[in-house]
Amino acid sequence: MDTKTQVAIIGAGPSGLLLGQLLTNAGIDNIILERKSGDYVLSRIRAGVLEQGTADLLREAGVGERMDEEGIVHTGTDFSFQGEHHHLDLEKYSGGKQVVVYGQTEVTRDLMEARKKSGATTVYEADNVKLHDIESDSPYVTYYHNEETFRLDCDYIAGCDGYHGVSRKSIPKDKLVEYEKVYPFGWLGLLSDTPPVHDELIYCAHERGFALCSMRSKTRSRYYLQVPDTDTLDNWNEEKFWAELKRRIPKKMADKLVTGPALEMSIAPLRSYVCETMQYGKLFLLGDAAHIVPPTGAKGLNLAASDVETAFRLFVKIYKEDRTDLIPRYQEISVARAWKAVRFSWWMTMFLHRFESAGRFDFRVQQAEFDYFIHSEAGKATIAENYVGLPFEELE
Ligand code: APR
Ligand code: PHB
C-alpha cells in the first residue's frame, strides 16, 4: 500500500517524536516509522538532565506540563575530588540559567501521549525500513508491517533512528565524514526507589574511579560507577555496587546514603562519535543517528533537542516561505554545535575519570586542574555555561 507525507521520520525516540510534534503543530504533515514497539521504546533508561533550551522547546511543542509539575529545577551541581565536596552555583555562573532533572523516559512518554492525541500517524514495529532515491526530488521509504510491504513517498526524510539506525547507513560511504573516540571504561548504572543522597547531582572523581549521584524524583535515585570496559553485569551485584559507591563519594554522603533493591542495573560503554555529514540530498540526520557523547556532561538528549530545533525551524521556512536555500544551514549549525557538546563531554570525562594508563604525574595534573576549575571564577563560569547549554544559533 502507498501513502504520502511531507516529512518521513525514521525512529520514535525523543528526536523523532519531538520533531513530529513540532511539525504537526505547525501544520506540516509527517509520519513516524519505528522498528520497535512503543513499550520497548519506553523501557529504555537514559539520562535525565534537561538544559533550559531543551525544556523551552518541549514547552513550545506543548509537552512541558508534566515536566514543569514533576521535574526538579536545579540551580547548581556538585563535584567531589577524593571525597572533598564542592558546590557549583550554575545559576550564578551562567548568568541566570538552570537545568531541569526529568527522565528521558518521561519526556518520551509525554511526547507519545501528545502524538496519540494529535492523531498523527506512528507506525510501530515497522520492519526492514529502507530509504530510496534520497538524492532525487522524489525520495521514498519502504517498510514491512503486519506481513505487508508499504511505500511512503515524501519530500524529506528525518533520520532520527539512533546510532544503529538505517538512515546514516543510507548515505554513500565515500560521502560520510566521521570521527570517533572510544574510552577504556563504561558506566554501571543502578536505579532504585530510594531518596536521592543529596538535593544536587554529585560528580565524583576518585582514585578508585568516577561515580555519579543522580536522581529521577524525590523518591527515585540513579547512581553510576566507572567500571573497566571488560566488566559485565556478572562482575557486579547490588551489595557490591552500594559498597563501591560509598567508597567513591564524600564521606558525609556515604554515611547518609539510603540503599535499596535495584530496579535496573546496566553497563553502558563510553564513546564520542560525530558524523559531520548531517544532511545528504533529502535526508537529514538528527540526534544519536549523527552523534554520540559520553554521558558525563549530560549532553546526549540536549544535543538531539538542538538538532530538532534547527531542523524544525528549517522545515517551517521551507514549507511556509519556500526557503530551500537555507538547507545547508542545518549541517553548518548542527555540526558546530555538536562539536562544542562533544568537546565538553570529552573534557568532563577526562577531568573526572580514572585512566589506568595515567601515572602519578597525570594524577597530580588532574588534581591541580580540579583545584583550579573549582576555585577560579573563570573556571566555574566555563563549566556552568557549558553545562546549562550554549545558546541555539539562528538559521539566518
Ligand atoms: N527503523 C526504524 N526505527 C529505528 C531503526 C530502523 N532501522 N533503527 C533504530 N530505530 C529506532 C530505535 O528503536 C529508537 O526508538 O530509532 C529510535 C532512536 O532513538 P534513540 O536511540 O533514543 O535516539 P534519539 O531519538 O536521537 O535520542 C537522543 O539522547 O540521551 C541521549 O542516547 C540518548 O537516546 C538518547 C538520545
Ligand atoms: C542521569 O541521571 O542518568 C544522568 C545525569 C547526569 C549525567 C549523566 C546521567 O551527566
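Only one of the numbered conditions (1) over 28 Å from His86 (Cβ atoms); (2) at pLDDT below 95; (3) part of a helix (DSSP H, G or I) is not met by Ser334, and that is (2).
Taking the condition at pLDDT 95 or above, open to solvent by less than 10 Å² (accessible area, probe 1.4 Å) and in contact with a Leu (Cβ under 8 Å, 6 or more places away or on another chain), does Ala61 pass? Give the steps one after another, and end with the answer.
Numbers: at pLDDT 95 or above: yes; open to solvent by less than 10 Å² (accessible area, probe 1.4 Å): yes; in contact with a Leu (Cβ under 8 Å, 6 or more places away or on another chain): yes.
Judged against the criteria, Ala61 is a match.
Residue by residue, here is whether (1) open to solvent by less than 30 Å² (accessible area, probe 1.4 Å); (2) farther than 30 Å from Arg208 by Cα; (3) part of a loop (DSSP other than H, G, I, E, B); (4) modelled with pLDDT under 95 holds:
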{"site": "Ile9", "(1), (2), (3), (4)": "yes, yes, no, no"}
{"site": "Ala12", "(1), (2), (3), (4)": "yes, yes, yes, no"}
{"site": "Arg44", "(1), (2), (3), (4)": "no, no, yes, yes"}
{"site": "Leu50", "(1), (2), (3), (4)": "yes, no, no, no"}
{"site": "Leu57", "(1), (2), (3), (4)": "yes, yes, no, no"}
{"site": "Glu69", "(1), (2), (3), (4)": "no, yes, no, no"}
{"site": "Glu91", "(1), (2), (3), (4)": "no, yes, no, no"}
{"site": "Asp110", "(1), (2), (3), (4)": "yes, yes, no, no"}
{"site": "Glu113", "(1), (2), (3), (4)": "no, yes, no, no"}
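The single condition among (1) in contact with a strand residue (DSSP E or B) (Cβ under 8 Å, 6 or more places away or on another chain); (2) of a type in the set (Ser, Thr, Tyr); (3) under 30 Å from Val49 (Cα atoms) that Thr142 does not meet is (3).
Is it true that some residue in the range 157-170 is β-branched (Val, Ile, Thr) and away from ligand 1 (no atom under 14 Å from the Cβ)? First the steps, then the outcome.
Applying the first criterion (β-branched (Val, Ile, Thr)) to the range 157-170 yields 157, 166.
Keeping just the survivors that are away from ligand 1 (no atom under 14 Å from the Cβ) gives none.
No, there is no match, as no residue in the range 157-170 is β-branched (Val, Ile, Thr) and away from ligand 1 (no atom under 14 Å from the Cβ).
From the residues in the range 24-42 that are part of a strand (DSSP E or B) and either touching a Phe, Trp or Tyr at 6+ places or on another chain (Cβ under 7 Å) or hydrophobic (A, V, I, L, M, F, W, C) (or both), which one is farthest from Ser221 (Cα to Cα)?
Here is the first cut: in the range 24-42, the residues part of a strand (DSSP E or B) are 30-33.
Retained after the next criterion (residues that are either touching a Phe, Trp or Tyr at 6+ places or on another chain (Cβ under 7 Å) or hydrophobic (A, V, I, L, M, F, W, C) (or both)): 31-33.
Working: Ile31: 36, Ile32: 32, Leu33: 33 Å.
Selected residue: Ile31.
Of Gly165, Gly119, all but one fail to be open to solvent by less than 40 Å² (accessible area, probe 1.4 Å) and closer than 30 Å to Ala47 by Cα; the exception is Gly165.
Given the condition within 19 Å of the chain's Cα centre (by Cα), within 16 Å of ligand 2 (Cβ to nearest atom) and surrounded by fewer than 20 Cβ atoms within 10 Å (Cβ to Cβ), answer yes or no: does some residue in the range 174-186 qualify? Checked against the condition, which is being within 19 Å of the chain's Cα centre (by Cα), within 16 Å of ligand 2 (Cβ to nearest atom) and surrounded by fewer than 20 Cβ atoms within 10 Å (Cβ to Cβ), the range 174-186 yields at least one hit.
So, in the range 125-156, how many residues would count as being in a loop (DSSP other than H, G, I, E, B), within 12 Å of ligand 1 (Cβ to nearest atom) and open to solvent by 30 Å² or more (accessible area, probe 1.4 Å)? Walk me through it before giving the result.
Here is the first cut: in the range 125-156, the ones in a loop (DSSP other than H, G, I, E, B) are 125-126, 133-139, 146-147, 154-155.
Restricting the remaining residues to those that are within 12 Å of ligand 1 (Cβ to nearest atom) gives 125-126.
Remaining after also requiring open to solvent by 30 Å² or more (accessible area, probe 1.4 Å): 125.
Number satisfying all stated conditions: 1.
Consider Thr194 carefully, then state whether it is on the phi < 0 side of the Ramachandran plot, among the hydroxyl-bearing types (Ser, Thr, Tyr) and open to solvent by 50 Å² or more (accessible area, probe 1.4 Å). Show your work before the answer.
Numbers: on the phi < 0 side of the Ramachandran plot: yes; among the hydroxyl-bearing types (Ser, Thr, Tyr): yes; open to solvent by 50 Å² or more (accessible area, probe 1.4 Å): no.
The answer is no for Thr194.
Considering each of Gly209, Gly300, Gly287 in turn, give the residue that is of a type in the set (Gly, Ala, Ser) and more than 16 Å from ligand 1 (Cβ to nearest atom). Show your work before the answer.
Values: Gly300 fails: more than 16 Å from ligand 1 (Cβ to nearest atom); Gly287 fails: more than 16 Å from ligand 1 (Cβ to nearest atom).
Just a single option satisfies the conditions, and that option is Gly209.
For the range 1-57, the set of residues classified as of a type in the set (Gly, Ala, Ser) and more than 10 Å from ligand 1 (Cβ to nearest atom) consists of Ala8, Gly20, Ala26, Gly27, Ser43, Gly53, Ala55, listed by residue number.
Identify, please: which residue in the range 93-108 is of a type in the set (S, T, N, Q) and outside any loop (DSSP other than H, G, I, E, B) and is, among those, modelled with the highest pLDDT? Per the criteria, the residue is Thr108.
Evaluate the following for Thr77: is it on the phi < 0 side of the Ramachandran plot, within 16 Å of ligand 2 (Cβ to nearest atom), under 19 Å from the mean Cα position of the chain (by Cα) and in a strand (DSSP E or B)? Yes: the conditions hold for Thr77.
If you go through the range 239-287 and keep only what is farther than 30 Å from Gln331 by Cβ and among the aliphatic types (A, V, I, L, M), you end up with Ala243, Leu245, Ile249, Met253, Ala254, Leu257, Val258, Ala262, Leu263, Met265, Ile267.
When both residues are 6+ apart or on different chains and their Cβ atoms are under 7 Å apart, which pairs have a first residue that lies in the range 367-396 and is surrounded by fewer than 15 Cβ atoms within 10 Å (Cβ to Cβ), and a second that is in a helix (DSSP H, G or I) and of a type in the set (Gly, Ala, Ser)? Matching pairs, first to second residue: Tyr372/Gly379.
Among the listed residues Ile318, Ile292, identify the single one that is away from ligand 1 (no atom under 16 Å from the Cβ) and either closer than 28 Å to Gln104 by Cα or not hydroxyl-bearing (Ser, Thr, Tyr) (or both). Even if it seems obvious, please write down each step before you answer.
On the way: Ile292 fails: away from ligand 1 (no atom under 16 Å from the Cβ).
None of the other options fit; the residue is Ile318.
Looking at the range 297-323, which of the residues that are within 18 Å of Val7 (Cα to Cα) and not in a helix (DSSP H, G or I) is least open to solvent (accessible area, probe 1.4 Å)? Checking each candidate, the answer is Arg323.
The values are calculated or read from the model by the stated rules, or taken from the named source; none is laboratory data. No experiment lies behind these values; they were computed from the predicted model shown. Counting neighbours? That spans all protein chains shown, and the Cβs are built from the backbone with ideal geometry, glycine included. Please note that ligands, DNA and RNA were not included when accessible areas were found on the heavy atoms of the full protein model with its side chains. Shrake-Rupley method; radii C 1.70, N 1.55, O 1.52, S 1.80 Å.
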